[in-house]
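Peer 1: Next up is a structure, given as structure tokens.
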Amino acid sequence: MRYRDRRQAGKHLARLLREYAGRRDVIVLGLPRGGVPVAYEIAEALGAPLDVLLVRKLGAPRQKELAIGAIASDGTRVLNENAAGWLGITGEELESITREETRELQRRERLYRGERPAPALEGRIVILVDDGLATGSTMQAAVACVIRQNPARVVVAVPVAARSACDWFDDAQSGVVCVCGMKQEYFYAVGEWYEDFRQTTDQEVRELLDQARR
């Protein structure tokens, strides 16, 4: 099975989240950019507000697609110590990568949110949405960022995931649960589970957020 596109994946995933429909304490946060079209469909189906949570992968210096960690817009940083050590990444290199990605986070924050403050999350059920989980590093940063704000529950919701990544988040003791449309034992890339996996643009993110607010 493959999803037609992110919007169709969001509609499918929303059916697995029906227990959260109509609740005033629920908020849906999409991880830009690819998670926002998925999150839009979920928020619409549940009757919940939609916003974004900004995270960025920290890519290795000469292998940008290889994640050595991730950073959230509030400064929360998670690291894959094993990957960083294996690649011989120095502390100076790590700080340089972090500064570069922080600048991009700040740019997107201004672009997507403007003057609007970030939503208050304390005591709320926060549904964090992305278009898939491979290693899960960016979602780890997102979850850590949200937990610092004392939510009632964190729900990681993704259309497709590597089984190991989803299982890592499914931890009742920490109050985090993972809802996944498809768990895959052998996982190469998120895009292989979509017929249309074109990159979501900044303009599309802004339009979806505007539509949700209206």
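Peer 1: Does region 41-86 hold any residues that are at pLDDT below 80, touching a strand residue (DSSP E or B) at 6+ places or on another chain (Cβ under 7 Å) and of a type outside the set (A, V, I, L, M, F, W, C), and which are they?
Peer 2: Once the filter is applied, which keeps residues that are at pLDDT below 80, touching a strand residue (DSSP E or B) at 6+ places or on another chain (Cβ under 7 Å) and of a type outside the set (A, V, I, L, M, F, W, C), region 41-86 yields Glu65, Asn80.
Peer 1: Could you list all residues from region 101-128 that are more than 18 Å from Asp202 (Cβ to Cβ) and outside any loop (DSSP other than H, G, I, E, B)?
Peer 2: Of everything in region 101-128, those that are more than 18 Å from Asp202 (Cβ to Cβ) and outside any loop (DSSP other than H, G, I, E, B) turn out to be Ile125, Val126, Ile127, Leu128.
Peer 1: Would you pick out the residues in region 117-136 that are of a type in the set (Asp, Glu) and either assigned by TED's automatic domain parsing to the domain that holds Asp74 or more than 16 Å from the chain's Cα centre (by Cα) (or both)?
Peer 2: Within region 117-136, Glu122 is the sole residue that qualifies.
Peer 1: Could you list all residues from region 39-61 that are surrounded by fewer than 17 Cβ atoms within 10 Å (Cβ to Cβ) and not assigned by TED's automatic domain parsing to the domain that holds Thr135?
Peer 2: Pro61
Peer 1: Here's a follow-up. In region 55-70, is there at least one residue being in contact with a helix residue (DSSP H, G or I) (Cβ under 9 Å, 6 or more places away or on another chain), over 22 Å from Ala134 (Cα atoms) and in contact (Cβ under 8 Å) with a residue 24 or more places away in the chain?
Peer 2: No, the conditions are met nowhere in region 55-70.
Peer 1: Here's a follow-up. Name the pairs whose Cβ atoms lie under 9 Å apart, with the first residue in region 146-162 and more than 22 Å from Asp5 (Cβ to Cβ) and assigned by TED's automatic domain parsing to the domain that holds Thr135, the second at pLDDT below 95 and aromatic (Phe, Trp, Tyr), and 6 or more positions between them or separate chains?
Peer 2: That search, which allows pairs on different chains as well, returns Val154/Phe169.
Peer 1: Going by the structure shown, is Asp130 in contact with a Ser or Thr (Cβ under 8 Å, 6 or more places away or on another chain) and acidic (Asp, Glu)?
Peer 2: Yes, satisfied.
Peer 1: Can you pull out every residue in region 32-82 that is in a helix (DSSP H, G or I) and within 14 Å of Leu209 (Cα to Cα)?
Peer 2: Gly35, Val36, Pro37, Val38, Ala39, Tyr40, Glu41, Ile42, Ala43, Glu44 - these are the residues of region 32-82 that are in a helix (DSSP H, G or I) and within 14 Å of Leu209 (Cα to Cα).
Peer 1: Against the conditions (1) surrounded by fewer than 21 Cβ atoms within 10 Å (Cβ to Cβ); (2) among the hydrophobic types (A, V, I, L, M, F, W, C); (3) at pLDDT 95 or above, where does Val26 fall short? Just the number, please.
Peer 2: Evaluating Val26 over (1) surrounded by fewer than 21 Cβ atoms within 10 Å (Cβ to Cβ); (2) among the hydrophobic types (A, V, I, L, M, F, W, C); (3) at pLDDT 95 or above leaves (1) as the failure.
Peer 1: Look at region 62-78 and say how many of its residues are crowded, with 16+ Cβ neighbours inside 10 Å and farther than 18 Å from Arg108 by Cα.
Peer 2: 4
The values are calculated or read from the model by the stated rules, or taken from the named source; none is laboratory data. In this text, all values refer to a predicted model and were calculated from it rather than measured experimentally. Every residue, glycine among them, receives a Cβ derived from its backbone with ideal geometry; neighbour counts consider all protein chains shown.
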